[in-house]
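Just so you know, all these numbers are worked out from the coordinates, no wet-lab data involved. The structure presented is a predicted model; accordingly, all values stated were derived computationally and were not measured. Methodologically, a virtual Cβ is constructed for each residue, glycine included, from the backbone with ideal geometry; neighbour enumeration extends over all protein chains shown.
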């Protein structure tokens, strides 16, 4: 696994999908020499924005309200995290309030204040950290890795080296978010190429999902 030597715990949160995370956890358990503990997760597309579901065993369906999504995550013993709440690209559906406006009223377990998804991420990360002075939620940092190249670019610091330690510190509000990625000029061509390929793949998957829905 590409995460070996970079992180002790890897939370895999594909968009509206957990099959890859389940396979990765099985692989990691079969290869303990890698030293990587895998948390099964999902980045759920809610009507209000993206919510990370951590420690789940069943996929949470997209297209629900953030409140309902969080309830489904908690129902299976998972933790719900507000993902990049101030990302400049709006992730909420038209006619629905954005997740950032709802955070004070939602039973979230944490908020992502470090996200390594692009060259301007430091700006909206800083705004999330500033607003969290008001919310007082536990914090996470994530690489938002759409490619193995990014893995470990942003981290959630905690006491311990396994998923159990991460969960304990998240619940206790003892985590710290940390970025260890410098956006130098030489990284930009590869970054833009990977982001373009990721966007094309995402559109194709969404189109296929819609076609399957209409075919039922």
Q. Normalised by the number of residues in the stretch 114-153, what is the relative contact order in percent for Cα pairs under 8 Å and 6+ residues apart?
A. 46
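Given contacts defined as C-alpha pairs under 8 Å and at least six residues apart, what's the relative contact order of the chain, whole-number percent?
Details: 397 pairs, mean separation 31.5, N = 216.
For the chain, the relative contact order is 15 percent.
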Q: Note the full-extension length gain between residue 200 and residue 148 as 0.36 nm times their separation in residues minus their Cα-Cα distance, in nm to one decimal.
A: 17.0 nm
Q: Express in nm, to one decimal, how much length is gained between residue 172 and residue 134 on full extension, taking 0.36 nm for each residue of separation and deducting their alpha carbon distance.
A: 11.9 nm
Q. Taking a temperature of 37 °C and a viscosity of 0.692 mPa s, what whole-number D in µm²/s does Stokes-Einstein yield for the chain with Rh from Kirkwood over alpha carbon pairs?
A. 185
Q. If you find the alpha carbon centre of the stretch 57-77 and of the stretch 89-138, how far apart are they in angstrom?
A. 18
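Based on other C-beta atoms within 10 Å, arrange 15, 84, 50 from fewest to most.
Values: 15 15, 84 28, 50 24.
Ordered by Cβ neighbours within 10 Å, fewest first: 15, 50, 84.
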Q) When you take every Cα atom in the stretch 8-127, what is the radius of gyration, and what is Dmax, the widest Cα pair distance, in Å? A) 14.7, 49
Q. Gaussian network model of the chain, Cα springs within a sub-10 Å range: biggest mean-square fluctuation belongs to which of 59, 110, 82?
A. 59
Q. What number, rounded to the nearest 500 deg cm²/dmol, is the helix-based mean residue ellipticity at 222 nm of the chain, given -39500 (n - 2.57) per DSSP H run of at least four residues and division by all its residues?
A. -11500 deg cm²/dmol
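How much length is gained on full extension from residue 4 to residue 58, taking 0.36 nm per residue of separation minus their Cα-Cα distance?
Details: separation 54, 0.36 × 54 = 19.44 nm, distance 2.57 nm.
Working it through step by step, the gained length comes to 16.9 nm.
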